[in-house]
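Report on the following structure.
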Amino acid sequence: MADAPFRVLPLIDDENRFFWTAGEDGRLRFLRCQSCGYYLHPPIPRCPECGSREVAPEAVSGRGEVFSVTVNHHPWDGGTEPYAIAIVAFPEQADLRMTSNVVGCPPEDVRIGMPVQVTFEARDDVWFPLFETVEAE
Amino acid sequence: MTDFERRSIISGIGQSDVGRRLGRTGLDLTIDAALAAVADAGLTLADVDGLATYPGAGLGGAGFAGPGSPEVHEALRLKLSWHSGGIEGAAQLAAVQNAVLAVGAGLARHVLVYRTVTESTEQGSGGRQGIGMGGLGMGGGGKVPKMGGQFQWNIPFRAYSAANWLALNAQRHFHEFGTTSEQMAMIAINARRNAGLNPMAVYRDPMTLDDYFASRMISTPFHLFDCDAPVDGSTAVIVSAAEHAPNVDHPVARVEAMGTALRGRPSWDQFDDLTTMAARDAGAQLWTRTDLTPDDVDVAELYDGFSFLTMTWLEALGFCAKGESGPFIEGGTRIALDGQIPVNTHGGQLSAGRLHGFGFVHEAVLQLRGEGGARQVPGKTVEVAAVANGGGPIAGAMLLTREA
């Protein structure tokens, strides 16, 4: 794989630190309501389903599915190699999804519906949760 | 059905020079557009008692914002009963809608509403380099700041632009409904065909399907020709109390209904249905506020910051069923000037330039007045026009009718 590309770093605060440092132990985490079990992403301090303020980060399997994918060709950040931007959907909850990159394969090979597994790219004090294609279970 | 919107008319329209790299300030262009609109409405500056704009000063990337309302207020020495500027609301149309609300509430009688961009001059790269960065201001060199807020969830994954975010919506639409690039290309080709009849349009040379596919890929499935063209220009409209209509020496556009709803999550990637986006909600709401139906519409001016957005508006406003915009526009005959529902008769932002929403309002009013010149919808009097702005989690719609 080529050298890691340029990335804008997230501005870490007390609300999002758990997400951007979850890769330290290799586990993808989302905020989850401790009362009704609803995953909240992006993080917010109150469960919109049940109203509980008891929300805490919890690890998920890290497996998901490509819900949509685009191959970027425009050199926004100076990078000239095409790359895959995807929305990954997670089996833990119907509306749990995030935007990320699918890496480790030619970007044009990534298809909607492909199973993927989280992998982390470390940079400074941030672990970017990216995804690689895997065999279907 | 409601009568609230019908208390307002668009009594006048005005536009500055529109073009690439005009090298003039946003305020300078805005004054041109404002004076033209005021005169067109049969008014003087002393009659203007309201002022509204989108998005207000200082927001977004270079050349995106235009002057804020205090700058225009000061430059024109207006005496205002009501004023407003802001980026949060039902897309760029929010400024017009706010004016309609103010007039309907009696807070103002004649509201000057404007939108100004100088993105071509500010991007300054020459040629067709610029693609909107979603107003995030990544350009211009210097150290890139760390990203907080809502954009931390896409920018760090190198999804920098609305071109990327909306490409994900388009890809999902292609996946679910079998939509094709050949179909989507017809939005761009139709726009260019109409721009050829519009002397103000920035791109007027004919475009073939081969030209479309030869344009470089930006973010699949968007080619360069699916992305609107940054320009400099200002558009102004006067929203007046309906009682003013007889004082104007031309037909006016009566406001019939507005759509402002946003029922899904206000997010580019978390909205429940990627294939409809917020247009679904604003479009549906519009028809709850009028007795008219999509069959009554004579012309549709539908936002095309990206070609795909026009397709979603065709669905959201009921010109075709959900998911069927691809087959609907195939071949381009239904959306042509002489088609079932003429779309983007001035060339849209794809070919007439990215006046960012207000170009569609301007064109709708021209068509209702029968002043479209070579691009006037032929063979009938345009009685009803639909206008829509926005994409992703941002959407607003209006229905306008001709009042002679």
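What follows draws every value from the coordinates through simple rules; no lab data is involved. If you're wondering where the values come from, they're calculated on a predicted model, not measured in any experiment. Using ideal geometry, Cβ is built from the backbone for each residue, glycine included, and neighbour counts are taken over all protein chains shown.
Observations
- Beta bridges by DSSP in the protein assembly as shown, antiparallel share as percent, to the nearest 5: 80
- Averaging the Cα positions of each part gives two centres, and for the stretch B:18-72 and the stretch B:80-99 these lie 13 Å apart.
- By the rule of a second cysteine Cβ within less than 4.7 angstrom, the protein assembly as shown holds isolated cysteines at A:105, B:227, B:320.
- For the stretch B:359-375 versus the stretch B:192-259, the gap between their alpha-carbon centres in whole angstrom: 10
- Given R0 = 35 Å, the distance between the Cβ atoms of residue A:93 and residue A:125 translates into a calculated FRET efficiency of 0.80.
- Estimated FRET transfer efficiency when R0 is 35 angstrom, pair residue A:108-residue A:136 (beta carbons, to 0.05): 0.95
- For residue B:383, residues with placed amide H under 5 Å, excluding near neighbours: B:298
- Of A:94, A:21, A:131, farthest towards positive along the dipole that unit charges on Lys, Arg, Asp, Glu beta carbons give the stretch A:17-133: A:94
- Net charge dipole size for chain A [Lys, Arg +1 and Asp, Glu -1 on Cβ; Debye, nearest 20]: 340
- Cα lying deepest toward the dipole's positive end in the protein assembly as shown, options B:335, B:66, A:59, charges on Cβ: B:66
- Using θ = phi - 60° and Karplus 6.51 cos²θ - 1.76 cosθ + 1.60, couplings along the stretch A:9-18 (whole Hz; Gly, Pro as x): 7, x, 8, 7, 9, 5, 7, 10, 4, 4
- The length gained on full extension between residue B:208 and residue B:77, counted as 0.36 nm times the residue separation minus their Cα-Cα distance, comes to 42.3 nm.
- Rounded Å value of the spacing that divides the Cα centres of the stretch A:70-137 and the stretch B:262-341: 30
- Within chain B, percent of DSSP bridges classed antiparallel, to nearest 5: 75
- The protein assembly as shown, dipole about Cα centre (Lys/Arg Cβ +1, Asp/Glu Cβ -1), debye to the nearest 20: 680
- Geometric descriptor of the protein assembly as shown, per residue, is 149 Å³ (volume of the convex hull of the Cα atoms).
- Dipole magnitude (debye, nearest 20) for the stretch B:1-100, charges at Cβ of Lys, Arg, Asp, Glu: 160
- Taking a straight line from the alpha carbon of residue B:380, these aspartates and glutamates sit under 19 Å away, with near neighbours fewer than eight places off in the same chain left out: B:295, B:296, B:298, B:301, B:338, B:363, B:371, B:403.
- The orientation-averaged shadow of the Cα convex hull for chain A, equal to a quarter of the hull surface, comes to 8.8 nm².
- Sorting B:115, B:77 from the fewest to the most surrounding beta carbons within 10 angstrom yields B:77, B:115.
- From its DSSP helices (H runs of at least four residues, each -39,500 (n - 2.57)), chain A gives a residue-normalised ellipticity at 222 nm of -500 deg cm²/dmol.
- Residue (of B:253, B:23, B:177) at the positive-pole extreme of chain B, dipole from beta-carbon charges: B:23
- In this structure the amide hydrogen of residue A:32, modeled in the peptide plane, comes within under 5 Å of the amide hydrogens of A:40, A:56, A:58, none closer than 5 places in sequence on its chain.
- Shape category assigned to chain B from the gyration tensor of Cα positions, a/c cut at 1.5: rounded
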